[in-house]
Amino acid sequence: MNIHLNAEQRKMVEENLSVIQKVISKHVMLNESVDGMGYDDIYQIGSIGLCKAAVTYRSGSDASFQTYAFSVVRNEIYNHLRSIVNKQKAKLTDIAEKQALVSSEQTPEERIADQAALDALRLSKERYQGVAKCGIEALEMKLKGYSGAEIAKMYQVKPNYIAACICRAVKYLKKDKAFFADLGK
């Protein structure tokens, strides 16, 4: 990101560096043990926010520069912290999925049941279309060990769309006598 400040904007930034410290002390809980959440990291992000505030501030507005800069700096820091949290969540999800795959040693009976379910899903897929059919295909892939996120990537949609498709498919399959007949074979 390139932010180019003129002389007046640089002066505003230099005169208001205390805004960054105010935001950090009032709105941020630092954690030096997490990458990107140490004081220096947060201060640097706040500095970027202060520069953005200087570039976008209009002197004729009702708010003082300090008030405006406080909001811009806080939002910049919050966006940074949100991205850290999202990265941490993604790591945890990956770890949980890998552990689930490792710890899911199936018995022969469970493998037979999964195969019967796969066969029943394949047969019922021909009776459906649209979202329900997509959900049935997603159920098949889940039985084969794919995660919701992986299935979403294959379909180039968001994971919550796959979850909605699965819900729709389950709703229909619960009422589908032919599905249960195929499952019992």
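The values are calculated or read from the model by the stated rules, or taken from the named source; none is laboratory data. Computed from a prediction, not measured in an experiment: that's the story for all the values here. Glycine gets a Cβ as well: all are built from the backbone with ideal geometry, and neighbour counts include every protein chain shown. Calculation scope for accessible area: heavy atoms of the full protein, side chains included, ligands and nucleic acids excluded. Shrake-Rupley method; radii C 1.70, N 1.55, O 1.52, S 1.80 Å.
Values for this structure:
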{"item": "Net length gained if the chain between A63 and N31 were fully extended (0.36 nm per residue, minus Cα distance)", "result": "8.3 nm"}
{"item": "Heavy-atom accessible surface of segment 41-94: percent carbon and sulfur, 1.4 Å", "result": "54 percent"}
{"item": "Potential extension, R122-L17 segment - 0.36 nm per residue separation minus Cα distance", "result": "31.4 nm"}
{"item": "Net length gained if the chain between R82 and R10 were fully extended (0.36 nm per residue, minus Cα distance)", "result": "23.1 nm"}
{"item": "Loop-resident sites, segment 111-185, for GluC sites (Glu not before Pro), counting at most 12 other Cβ within 10 Å (DSSP)", "result": "E126"}
{"item": "Computed accessible area, R82, all protein chains, 1.4 angstrom probe, square angstrom", "result": "130 Å²"}
{"item": "Point-to-point label distance, K158-T56, nm (Cα→Cβ direction, 7 Å offset)", "result": "2.3 nm"}
{"item": "Trypsin sites (Lys or Arg not before Pro) restricted to segment 112-170 and DSSP loop, no more than 10 other C-beta within 10 Å", "result": "K144"}
{"item": "Residue-wise HN-Hα coupling along segment 143-154, computed from phi with Karplus coefficients 6.51, -1.76, 1.60 (Hz; x: Gly, Pro)", "result": "5, 7, x, 6, 8, x, 5, 5, 5, 4, 5, 5"}
{"item": "Computed over segment 1-54, the ratio Rg/Rh where both radii use C-alpha atoms and Rh is Kirkwood", "result": "1.03"}
{"item": "Dmax and Rg, reported as Rg then Dmax, of segment 42-95 (C-alpha, Å)", "result": "14.8, 52"}
{"item": "Total formal charge among the other residues, if their Cβ is under 14 angstrom from that of N79, Lys/Arg +1 and Asp/Glu -1", "result": "+2"}
